[in-house]
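**Student:** Handing you a structure now.
The values are calculated or read from the model by the stated rules, or taken from the named source; none is laboratory data. Note that the structure is predicted; figures quoted are calculated from it, not measured. Because the Cβ atoms are built from the backbone with ideal geometry, glycine has one as well, and the counts that use them run over all protein chains shown.
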Amino acid sequence: MSEKIHVKHRETARIMLFDEQNRIFLLKTHFDPEVGLTPRWLTPGGGIDVGESTPDAAVRELLEETGLVIEPEVLGEPVLVASGRWDWADGLSYHTYKDTIYEYRVSNFEPDTSGFTPDEIRDILEYRWWTIEELLASDEALAPHDLKDWLKARIGA
């Protein structure tokens with residue numbers, strides 16, 4: 001049996017975006033093509049650049065992926081810090097992650113995806129607003145691994 005190969009560790013900053021109806025905005029995306037895993041829904045966010053603070057990365061990614069401009073100071077403390085491992089489709093490789101996630105509320109917001117990077121154009125398949133209940137009742141894959149449990153706790157389920 002072959003030993004698994006740890007390819008990389010990725011730290012990200014993300015924002016759980018909620019609207020007036022307490023719906024959450026998620027993006028359906030797949031990992032980089034070499035990872036080969038099935039698509040999953042996740043919050044806006046992405047990698048933290050060298051020298052960038054976690055809140056700065058979160059608001060930069062939010063702007064790229066939704067067009068929404070906010071200041072890092074409005075984020076407060078993270079609501080969830082999740083870490084884990086994604087095993088790649090080749091059965092040999094994996095990567096670890098640490099997601100620092102903030103929460104932000106908006107009203108009457110329609111995303112503008114014109115700021116997508118080339119990778120986001122390739123990787124983001126769709127986006128939508130979900131009620132927490134319909135998301136929890138779905139069989140859709142979510143990321144990070146802890147997101148479903150956090151949402152259950154939020155509504156007392």
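**Student:** Go through (1) touching a helix residue (DSSP H, G or I) at 6+ places or on another chain (Cβ under 8 Å); (2) within 16 Å of F116 (Cα to Cα); (3) among the hydrophobic types (A, V, I, L, M, F, W, C) one by one and return the number of the condition L62 breaks.
**Tutor:** (1)
**Student:** A follow-up question, please. Any residue in the stretch 106-113 that is touching a Lys or Arg at 6+ places or on another chain (Cβ under 7 Å) and among the β-branched types (V, I, T)?
**Tutor:** no
**Student:** For the stretch 65-85, how many residues are closer than 19 Å to F116 by Cα and either touching a residue at least 40 places away in the same chain (Cβ under 8 Å) or charged (D, E, K, R) (or both)?
**Tutor:** Of the residues in that region, 4 qualify.
**Student:** Ok, one more. Kindly evaluate W41 against the criterion of being at pLDDT below 90, in a strand (DSSP E or B), buried (at least 16 other Cβ atoms within 10 Å of the Cβ) and hydrophobic (A, V, I, L, M, F, W, C).
**Tutor:** In short, no.
**Student:** Suppose the filter is surrounded by fewer than 14 Cβ atoms within 10 Å (Cβ to Cβ), farther than 30 Å from E3 by Cβ and within 14 Å of the chain's Cα centre (by Cα); does E126 pass it?
**Tutor:** So E126 passes the test.
**Student:** Step by step: first the residues of the stretch 65-75, then only those that are out of contact with any helix residue (DSSP H, G or I) (no Cβ under 8 Å at 6 or more places or on another chain) and modelled with pLDDT under 95, then the one that is farthest from D146 (Cα to Cα). Which residue is that?
**Tutor:** Looking at the filtered set, the residue picked out is G67.
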